[in-house]
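The values are calculated or read from the model by the stated rules, or taken from the named source; none is laboratory data. Fair warning: this is a prediction, and the values are worked out from it, not measured in the lab. We place every Cβ from the backbone using ideal geometry, glycine too, and count neighbours over all the protein chains shown. Accessible surface areas use protein heavy atoms only, side chains included; no ligands, DNA or RNA. Shrake-Rupley method; radii C 1.70, N 1.55, O 1.52, S 1.80 Å.
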Amino acid sequence: MKANIGVFFGGRSVEHEISVISALQSIQAIDKTRYDVTPIYISKNGQWYTGDLLLEIDNYRNLDELLKNSTKIIFSPNFEEYSFVESGAKGLFKKPLKGKIDIAFPVLHGSFGEDGAIQGLFELMGIPYIGCDVLSSAIGMDKIMMKMVLKESGIPVVDYVWFYSKNWQQDTNSHIQKVEDTLGYPVIVKPANLGSSVGIKKANNRDELEEAIDYASGFAHKLLVERT
């Protein structure tokens, strides 16, 4: 009997579309003679779906139609149950069983996927999963925390300044001055907890720095400025 891999993708992150592409490529690479695969798509508003139509990239051109023809599901949080039921019927845990997986394969990019959030859910459920655990996922996704850990371990890191977006809005000038005094120009401005180059800009002067930080603030509440 083949093990059934549940591939989780999509999600509430701004990297949603990238996750879809990565997941479908991963599914294509799985040896179907050894494993069954169940796609588990998480929409941008946090709803979960499964179904064979989710396996075709062209179907995502009309997302409303795709989700209408896919099965909305809810995963059981019960320890070591690994099962999911169709959403919509009365009685949360009395709905008809729609499937069961043996191992979870998260292919979620960014927030709520690479940051330890869904790994924590898998830990709660007791389901085996592929990839890093909660702690390493959380540290690895937060560029600032990762720099602190590396620096504490004696590993060189690029000079940087970090702050919260709310503090930037409250006192823009002092933060600009701190960047200029500590790093100079040019610098790279990044959201602290995203990947795929989302929200990243280079700044060669004060005007570009302000523009870059304002831009990055739209994606994250923790901001990182690094020397190039």
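Of these, SER165, SER174, SER197, which one is among the small types (Gly, Ala, Ser), over 17 Å from VAL14 (Cα atoms) and loosely packed, with under 13 Cβ neighbours inside 10 Å?
SER174
Name the residues in region 36-67 that are among the polar types (S, T, N, Q) and assigned to a helix (DSSP H, G or I), would you?
If the condition is that a residue be among the polar types (S, T, N, Q) and assigned to a helix (DSSP H, G or I), then ASN59, ASN62 are the ones that fit.
Please state which one of VAL158, VAL187, VAL134 is open to solvent by 50 Å² or more (accessible area, probe 1.4 Å), in contact (Cβ under 8 Å) with a residue 40 or more places away in the chain, touching an Asp or Glu at 6+ places or on another chain (Cβ under 7 Å) and among the hydrophobic types (A, V, I, L, M, F, W, C).
VAL158
Report, ordered by the first and then the second residue, all pairs with beta carbons closer than 8 Å, sequence separation of six or more or different chains, a first member in region 49-71 that is closer than 16 Å to ASP36 by Cα, and a second member that is among the aromatic types (Phe, Trp, Tyr).
As it stands, the answer is THR50/TYR41; THR50/PHE84; LEU54/TYR41, since those pairs meet every condition given.
Tally up the residues in region 182-216 that are at pLDDT 95 or above and hydroxyl-bearing (Ser, Thr, Tyr), please.
Qualifying residue count for the region: 3.
Here's a check for you: in region 70-81, which residue that is part of a loop (DSSP other than H, G, I, E, B) and open to solvent by less than 40 Å² (accessible area, probe 1.4 Å) is modelled with the lowest pLDDT?
SER76
Can you find a residue in region 116-130 that is of a type in the set (S, T, N, Q), surrounded by 18 or more Cβ atoms within 10 Å (Cβ to Cβ) and in contact with a helix residue (DSSP H, G or I) (Cβ under 9 Å, 6 or more places away or on another chain)?
yes
Condition test on GLY120, is it of a type outside the set (Val, Ile, Thr), under 19 Å from the mean Cα position of the chain (by Cα), under 23 Å from GLY10 (Cβ atoms) and at pLDDT 95 or above?
Criteria met by GLY120.
Starting from residues that are in contact with a helix residue (DSSP H, G or I) (Cβ under 6 Å, 6 or more places away or on another chain) and buried (at least 16 other Cβ atoms within 10 Å of the Cβ), keep the ones in region 38-48 and report whichever is nearest to ASP102 (Cα to Cα).
PRO39
Find the residue count for region 27-37, including only residues that are under 18 Å from LEU53 (Cβ atoms), open to solvent by 30 Å² or more (accessible area, probe 1.4 Å) and either touching a residue at least 12 places away in the same chain (Cβ under 8 Å) or β-branched (Val, Ile, Thr) (or both).
2
Looking at region 211-228, I want the residues that are exposed (fewer than 14 other Cβ atoms within 10 Å of the Cβ) and have a partner that is part of a loop (DSSP other than H, G, I, E, B) and not acidic (Asp, Glu) with Cβ atoms under 8 Å, at least 6 apart or on another chain. Which pairs are those?
Here the result reads GLY218/GLY199; THR228/PRO186, each pair linking region 211-228 to a residue that is part of a loop (DSSP other than H, G, I, E, B) and not acidic (Asp, Glu).
How many of the residues in region 137-155 are among the acidic types (Asp, Glu) and surrounded by fewer than 13 Cβ atoms within 10 Å (Cβ to Cβ)?
Number satisfying all stated conditions: 1.
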